[in-house]
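See structure below.
The values are calculated or read from the model by the stated rules, or taken from the named source; none is laboratory data. The structure presented is a predicted model; accordingly, all values stated were derived computationally and were not measured. Please note: Cβ atoms are built from the backbone with ideal geometry, for glycine as well, and neighbour counts cover all protein chains shown. Side chains are part of the model used for accessible areas, which takes the heavy atoms of the whole protein and leaves out ligands, DNA and RNA. Shrake-Rupley method; radii C 1.70, N 1.55, O 1.52, S 1.80 Å.
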Amino acid sequence: MSRESRSLGVARRDLAEARRSRLFWGAFGLIFLLVVPSFWSMVGSLHTVENAAPAAVRAVGRIPGYLSTYLFVLVAALAYAAVASERESGSVRLLLSLSATRWDVLVGKLLARGVLLTVVVGALLALLGSLVAFGRGTLPVVGFAVVAGWVVVYALCWTAFAAGLSAAFDSQYRALAAVAGTYVVLAWNAPVWKAVLEPGLRAVLPAALHGYVPALNPTLSLGVVGQWLLAATTPATSEAGVGPVIVSLGGIVFVAVVGPVVGYRLFRGADLG
């Protein structure tokens, strides 16, 4: 059996289990109730403003902001225990006994959680786009498509981080603490970033680079890149230049890579009993 077949086999098994997760669907239901009514109210309250982008464009531009914090809650609920739960219960040994390697297990988990997240977040984004079209009578299709695509990519990067890092732990609670702790440290509206990291970066970087400081925070990349993409495809404007956008993209890609790399290195050498 090829490595691709083994990984896909793990992915199919894990997808069947992940889509039955009460925690994941509970988190999605809560996010739905918090986001959709509020977003609908915002769409209806927008007015035409002289020298500003059309209301429908501005509504699309608000989507990343409405989802930024909630997306991580959904990601954490879906991915924090992806591998850690298998290690904790001992079922990972069964997977490994069926010719799968530890790499196959990790890749399969990443695929399964990524597919489920894409479907669910994609459906939510489609609903938000429909609300804009219904409420404003039009939808900037290209602008919405690039913003929605970026939201999915951003969420997938954090999913890769969480699912990958979970492989490093044999306890779901320690995996959750590591995933959530990382986000809390970096969260743009949390005390660590606002009171320590951001001022520290501004203190050590030359004044000419201060505009790059927000781009260094991967929790801010959703808004930084999203607004730039919208401005590139609609009459909207963006304060971010190409340089900060590239740095922001690099930051979120780093997040997507470091979780699986660290998780696999520790998983590969772990004693599974």
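Some notes on this structure:
- Note on Thr101 and Trp25: the extension gain reaches 24.4 nm, defined as 0.36 nm multiplied by sequence separation minus the Cα-Cα distance.
- Surface exposure of the chain, expressed per residue as accessible area with a 1.4 Å probe, stands at 47 Å².
- Accessible-area value, Ile246, 1.4 Å probe, nucleic acids and ligands omitted, Å²: 100 Å²
- Share of carbon and sulfur in the accessible heavy-atom surface of the chain [1.4 Å probe, %]: 67 percent
- In the chain, the calculated helix contribution to ellipticity at 222 nm averages -25000 deg cm²/dmol per residue, counting -39,500 (n - 2.57) for every DSSP H run with n ≥ 4.
- Axial C-alpha extent at least 30 Å, average Kyte-Doolittle at least 1.0 - helices from the chain (DSSP): 22-45, 55-79, 102-136, 141-166, 242-268
- Note on segment 126-259: Cα convex hull, mean projected area over all directions, 9.8 nm².
- As a ratio to 2.2 N^0.38 Å, the alpha-carbon radius of gyration for the chain is 1.08.
- The GluC sites (Glu not before Pro) of segment 48-137 meeting both criteria, a DSSP state outside H, G, I, E and B (loop) and at most 16 other C-beta atoms within 10 angstrom of the site's C-beta, are Glu50.
- Of Gly122, Ala76, Ala59, farthest towards positive along the dipole that unit charges on Lys, Arg, Asp, Glu beta carbons give segment 1-150: Ala76
- Per-residue extension of 0.36 nm, minus the Cα-Cα distance of Leu94 and Ser171, leaves a gain of 26.0 nm for this segment.
- Contour excess over end-to-end distance, with Cα ends at Thr48 and His210 and 0.36 nm allotted per residue: 55.0 nm
- Surface accessible to a 1.4 Å probe, Trp188 within the full protein complex, Å²: 110 Å²
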